[in-house]
Amino acid sequence: MGVVFTELPWGLILILLPLAAGQWCYQQGYETCSEQTWSVAANLSPADANPLLALGSLYFERGELATAEQYFKAARNVTPDSPEALNNLGLVY
């Protein structure tokens with residue numbers, strides 16, 4: 001039996017597409033593309049820490065520590081017990 005498209009969680013799909021596209025861009029070395037698509041993902045799902053962590057990591061790798069810190073703090077605010085957010089904040093400090 002095939003997938004019935006009316007049963008798909010379209011909101012989830014719309015959130016995951018930019019997140020996955022950002023990961024692909026990053027792996028291909030297209031930092032601007034990954035930055036833009038992860039920003040879209042963060043705006044589509046403000047309760048999801050993953051795009052915020054991805055953006056923070058991107059800025060951390062660029063040496064933009066103040067911006068990385070902002071994104072890691074935003075991720076921590078979304079999920080206060082996130083070990084990734086807390087660990088990454090520790091790296092910034």
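Tabulated values for the structure
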item	result
Matching residues, region 59-85, being open to solvent by less than 70 Å² (accessible area, probe 1.4 Å) and of a type in the set (S, T, N, Q)	THR67, THR79, SER82
Tally, over region 13-53, of residues that are over 21 Å from PRO83 (Cβ atoms), at pLDDT below 90 and buried (at least 19 other Cβ atoms within 10 Å of the Cβ)	2
Single match in PRO46, PRO51, PRO83 (criterion: within 16 Å of ALA20 (Cα to Cα) and either of a type outside the set (Ser, Thr, Tyr) or touching a Gly at 6+ places or on another chain (Cβ under 8 Å) (or both))	PRO51
Close pairs (9 angstrom Cβ cut-off, 6 or more residues apart or separate chains): under 17 Å from PHE60 (Cβ atoms) in region 28-45, surrounded by fewer than 16 Cβ atoms within 10 Å (Cβ to Cβ) and not polar (S, T, N, Q) anywhere	GLU31/GLU61; GLU31/ARG62; SER34/TRP24
Residue match in region 55-78 (condition: free of Cβ contacts under 8 Å to residues at least 40 places away in the same chain, closer than 20 Å to PRO18 by Cα and β-branched (Val, Ile, Thr))	yes
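The values are calculated or read from the model by the stated rules, or taken from the named source; none is laboratory data. The structure presented is a predicted model; accordingly, all values stated were derived computationally and were not measured. Heads up, the Cβs are rebuilt from the backbone with ideal geometry, glycines too, and the neighbour counts pull from every protein chain shown. Accessible surface is based on the protein model in full, side chains and every heavy atom, while ligands, DNA and RNA are left aside. Shrake-Rupley method; radii C 1.70, N 1.55, O 1.52, S 1.80 Å.
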